[in-house]
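Read through the structure below, which is laid out as structure tokens, and then see the notes.
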Amino acid sequence: MTIPFMRLDRQFQDCKPVFMAAVENVFTHGKVLQGAEVLALEARVADFFHLEHGAAVGSGTDALVLSLKAMDIGPGCKVAVTSLSFQASASAIVLAGAQPVFVDVEETYGMARTDVLLDLVAARKVDALIAVHLYGQMAELRELYDLARQNDVKVIEDAAQVLGAFRGGKPAGQCSDVACVSFDPTKVIGAQGSGGIALTDNAAIAERIRRLRYHGHAGGRVYAEIGHNSQLPTVQAAILNCKLDRELPWRRRRQDIAAAYGAVLAPHPDVQPPAVMPGNEHNYHKYVMRVPVGRDRLAEHLAKDGVKTTVHYTKALHTQPCFEGRSETVGDMAAAGRMVGQVLSLPIYPELTDAEVAQICDSLAHWRA
Ligand SMILES: *Cc1c(COP(=O)(O)O)cnc(C)c1O
């Protein structure tokens, strides 16, 4: 029995009547862009993150790009970002016209608060930070955010992976000017296509993002600036609202699966389960093990037992050819460089059956480096 790394077909089978009713409703009322379902989603997600405003856009990437632009981070500006993340955390900076400054990660994959980073902020050598919360748990940002504010350095939380994660009981978005969430289908709450949202307490930033997402339209016949066309289709908002109703039970199921994996891995001599920082609730968007020796051999072993895995991420961003000549790297990037060789992600979706979870646990238990 092969266990795919991801499968949305089972989610659809479980939710089909609800999804199809939502789709039919939108197609019937016909307001397929900026419909009431979009406003409802924006209010709901903002509320979930304890923030005032939500601006739904076409993708998590666009949420980052438009957030940067809305704070006038563009040509001539530098933005620090961690090198171990999805491509979009850094490409968004280039798309906004600014330059990425790559920094290293800490053990739980947040931005490492090294002297190098603190100097970048304290000496205002960067104009903004994109702080990524990776794999489904939040990084500690309070001190960094306070230092950034003192120095007028903007902070964006890349919260693409942390819907349903909490630190000290609070969601992402409390230590930044804007937090950006992705509704990519691979994420815990995913559209049937692309989608994203920018969240903020700052009304002016929210208004600017709304303007930028539709051609810079300032009302009437006036286009105040050059904008994008990045709207979340109403039908996607309608489906996302249905999925948000299930966020908690899905999260609890992923957490139970993670506990089953953890029970096998805690005593395992050769594989480390993901470390969860004290005070964090991990949403297990991804289940990323650390395998100091023989990562690729473990992947092959699991594949032979029918368990598909993947690597998030195989290459540190500062080594991607697309950033050559248009980025800076500070520090030796030792942690990011090491982790790309050690991380391995197991399937973790609520629709995994108990038998499948047992099959995965069994395969893990029988591997030795
Ligand atoms: C998915 C993701 C993005 C981009 O979101 P899209 O909706 O795919 O454009 C950005 N940053 C991180 C960390 C992500 O995981």
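What follows is calculated from the coordinates using simple rules that are stated; it is not laboratory data. Model, not experiment: these values are computed from the prediction. With ideal geometry, Cβ positions are generated from the backbone for all residues, glycine too; neighbour counts draw on all protein chains shown.
Taking 7 Å steps out from each Cα toward its Cβ at LYS125 and ALA224 produces label points 3.6 nm apart. Think of each Lys and Arg Cβ as +1 and each Asp and Glu Cβ as -1; about the Cα centre, that makes the dipole of the chain roughly 460 debye. Which of PRO267, PRO233, PRO185 moves most in a GNM of the chain, Cα contacts under 10 Å? Most flexible of the set in this elastic network: PRO267. Gaussian network model of the chain, Cα springs within a sub-10 Å range: biggest mean-square fluctuation belongs to which of CYS242, CYS77, CYS322? Between CYS242, CYS77, CYS322, it is CYS322 that shows the largest mean-square fluctuation.
Taking every DSSP helix (H) stretch of at least 4 residues in the chain, weighting each as -39,500 (n - 2.57) and dividing the sum by the residue count yields a mean residue ellipticity at 222 nm of -11500 deg cm²/dmol.
Gyration tensor analysis over the Cα atoms of the range 195-247 returns equivalent ellipsoid semi-axes of 25, 14, 8 Å (largest first, whole Å). For the chain, the relative contact order is 23 percent, taking Cα pairs closer than 8 Å that sit 6 or more residues apart in sequence and dividing their mean separation by the residue count.
Within the listed set ARG113, ARG297, ARG251, the Gaussian network model of the chain (springs between alpha-carbon atoms below 10 Å) gives the highest mean-square fluctuation for ARG297. Calculated on the Cα set of the range 121-269, radius of gyration then Dmax: 18.4, 66 Å. Taking one quarter of the surface of the convex hull spanned by the alpha-carbon atoms of the range 105-167 gives a direction-averaged projected area of 4.0 nm². Site pair GLN272 and GLU107 shows an inter-label distance of 0.7 nm when each label is modelled 7 Å from Cα along Cα→Cβ.
Working from Cα pairs under 8 Å separated by at least six residues, relative contact order for the range 33-102 is 28 percent. Share of pairwise Cα-Cα distances greater than 18 Å in the range 1-58 is 57 percent (whole percent). For LEU134, neighbours were defined as the other residues whose beta-carbon sits under 12 Å from its Cβ, and their charges (Lys and Arg +1, Asp and Glu -1) total -3. Near the amide H of TYR223, within less than 5 Å, lie the amide hydrogens of ALA218, all on another chain or at least 5 residues away, with H placed in the peptide plane.
Remark: the range 171-188, residue by residue, has Karplus-estimated 3J(HN,Hα) of x, 5, x, 8, 10, 6, 7, 9, 10, 10, 10, 10, 10, 4, x, 7, 7, 5 Hz, where x stands for each Gly or Pro and the curve is 6.51 cos²θ - 1.76 cosθ + 1.60 at θ = phi - 60°. Our summary gives the range 251-353 a relative contact order of 36 percent, counting only alpha carbon pairs under 8 angstrom and 6 or more residues apart. Using the Cβ-Cβ distance between PHE5 and PHE166 with R0 = 30 Å, the FRET efficiency computed as 1/(1 + (r/R0)^6) comes to roughly 0.70.
Above 39 Å, the calculated P(r) of the chain contains 15 percent of its Cα-Cα pairs. In this structure, ALA21 and ASP47 have a Cβ-Cβ separation that, at R0 = 35 Å, corresponds to a calculated FRET efficiency of about 0.90. What is the distance in Å between the Cα centres of the range 35-66 and the range 126-154? If we compute the Cα centre of each part, the gap is 20 Å. Compute the FRET efficiency between VAL32 and CYS322 as 1/(1 + (r/R0)^6), taking r as their Cβ-Cβ distance and R0 = 30 Å, and round to the nearest 0.05. The calculated FRET efficiency here is 0.30. Pairs from the list LYS286/LYS308; LYS286/LYS315; LYS69/LYS187; LYS69/LYS154; LYS125/LYS154 with a Cα-Cα gap above 19 Å: LYS69/LYS187.
For the range 8-24, the residues whose backbone nitrogen is under 17 Å from a point 7 Å from the Cα of ASP245, taken along Cα to Cβ, are 11-24. For the pair the range 192-221 / the range 326-352, the C-alpha centres are spaced 31 Å from each other. Estimated at 0.36 nm per residue, the fully extended path between GLN13 and LEU39 surpasses their Cα-Cα distance by 6.6 nm.
Considering only SER230, PRO278, ALA263, the residue lying farthest towards the positive end of the dipole of the chain is SER230, judged by Cα position with unit charges set on Cβ. When Rg and Dmax are taken over the Cα atoms of the range 258-369, they come to 15.7, 50 Å.
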